[in-house]
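Here, each number is a calculation from the coordinates, and none is a lab measurement. The structure presented is a predicted model; accordingly, all values stated were derived computationally and were not measured. Methodologically, a virtual Cβ is constructed for each residue, glycine included, from the backbone with ideal geometry; neighbour enumeration extends over all protein chains shown.
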Amino acid sequence: MLQNAINSLIAGGLLSLVLFIPIVIVQYRRYGEIAEIRLGLLCALLVYSSALVAYTMFPLPDPQSLTDSWCARRVSFNPDPLDGVRRVQTAVQGLTPRQALLDKTVLEIVFNVALFVPLGWFGRRVLEWRVLTTALVGFGVSLLIEVTQFTGVYGIFRCAYRMADAVDLVTNTTGTLVGIALAAAFPRLFPSMDQLEADADRAREVDRGRRWLGQALDAFYFVVALAVVGFLIALAFDALGWASRSEPEPVFTALMWAANLLAIGFALISFTGDGSSMGQRTTYLRPKPEPGTDRAARWRRLLRPFTVMVPVAVLVFGQPTLPGRLAGMVWAGVAVGWILFSRRGLSGFLSGVDFIDNRRHRPTKTSNSVGIDG
């Protein structure tokens with residue numbers, strides 16, 4: 001039990017790290033900012049989802065232990081949804097109320113109900129599904145678990161190592177309904193999706209955290225693009241027979257060239273639109289417009305995107321020596337740390353530009369407050 005809890009926290013934490021940037025991107029596009037409470041609840045939902053898998057599927061058995069004789073004796077399915085009532089009646093017969101509450105059979109039923117209560121609450125409060133949708137999802141998830149158990153994880157194991165129980169369908173769905181009721185009974189303590197979306201066009205202060213986030217998103221977009229290009233390069237080289245596992249150097253060389261070209265391409269994006277990078281556009285940032293269209297202003301616009309990403313890429317991916325790569329990493333660290341001293345960052349400092357919220361030209365909607373509603 002404790003090991004499952006630890007595994008759930010680890011798996012949920014890793015999922016949160018992997019999905020953190022994509023969730024932030026979606027939140028900025030929908031709400032115009034990071035909704036911290038909702039972000040935290042989504043991470044909690046990932047931990048809960050990991051716990052649901054851990055407590056219903058693990059520990060996995062040793063396949064060697066699932067012999068034909070063991071499988072023949074195994075009861076793999078209980079189709080009676082009312083069997084749980086009879087089990088409890090039999091278990092508590094002759095027990096005091098305190099003993100009955102601590103009985104293993106009773107605790108198993110209570111745990112199966114409690115396990116799905118968060119699903120009902122998350123469905124209504126965080127994902128904001130309708131009541132019927134949330135109830136059907138709770139039933140569907142429980143059914144999926146029982147089918148997975150009944151089929152021995154869809155044939156991976158010789159037979160079912162856990163019994164698929166119709167009682168679990170009843171208790172799990174009941175837990176989902178309890179979660180739905182709790183969501184309705186207690187007031188909402190954080191803004192709904194509609195409230196956040198209604199305030200998405202309001203300009204916000206450009207602070208250091210937002211500038212860092214813009215940098216992190218630029219790096220994220222670059223890494224994703226490089227991973228896709230790298231996969232295509234490896235696929236092409238393998239199909240054409242230009243490299244082998246024993247001689248992967250041509251693939252690495254092509255990947256280094258691709259990284260440098262991608263960095264230049266990402267920098268050139270800043271010459272389109274309002275002059276902001278992809279990460280800055282995601283976080284609604286843009287360079288502060290310079291007065292006039294003199295040559296100095298044009299040179300600043302040319303210089304800014306080539307102050308960080310391109311030199312870092314050239315040093316890290318274009319230099320075969322360790323000192324060159326270390327220099328690139330140091331320059332990237334300086335660019336990140338520079339925001340501690342100036343909101344403009346290193347690129348803004350070297351090019352002489354500042355950054356503003358690019359929503360100032362949009363109609364400002366009425367700012368919402370954190371509502372207390374049902």
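Sorting 114-125, 138-149, 59-70 by their mean Cβ neighbour count within 10 Å, with the most densely packed peptide first, gives 114-125, 138-149, 59-70. Here each label is just a point 7 Å from Cα along the line to Cβ, and for residue 133 and residue 186 those points are 2.3 nm apart. With the simple spin-label model, which puts each label point 7 Å out from Cα in the Cβ direction, the residue 30 to residue 44 separation comes to 1.7 nm. Here segment 189-208 is scanned for amide nitrogen atoms under 20 Å from the site 7 Å beyond the Cα of residue 288 along Cα-to-Cβ, giving 203-208.
Relative to the longest principal axis of the Cα atoms of the chain, the long axis of helix 166-185 lies at roughly 60 degrees. Principal-axis analysis of the Cα atoms of the chain puts helix 83-92 at an angle of about 70° to the longest axis.
Of the chymotrypsin sites (Phe, Trp or Tyr not before Pro) found in segment 173-276, those in coil by DSSP whose Cβ has at most 14 other Cβ atoms within 10 Å are 242, 271.
The simple spin-label model puts a point 7 Å past each Cα toward its Cβ; for residue 37 and residue 73 those points are separated by 5.5 nm. For residue 60 and residue 340, the FRET efficiency from 1/(1 + (r/R0)^6), where r spans their Cβ atoms and R0 equals 30 Å, is about 0.05. Cysteine residues of the chain whose C-beta has no other cysteine C-beta under 4.7 angstrom: 43. Mean projection of the Cα convex hull over all viewing directions, computed for segment 43-160: 9.8 nm². Across segment 1-59, counting alpha-carbon atoms alone, Rg and Dmax equal 13.1, 42 Å. Across the chain, Cα-Cα pairs more than 33 Å apart make up 53 percent of the total. Cα axis of helix 322-337 to longest principal axis of the chain: angle in degrees, 0 to 90, nearest 10? For 322-337 against the chain, the angle is about 80 degrees.
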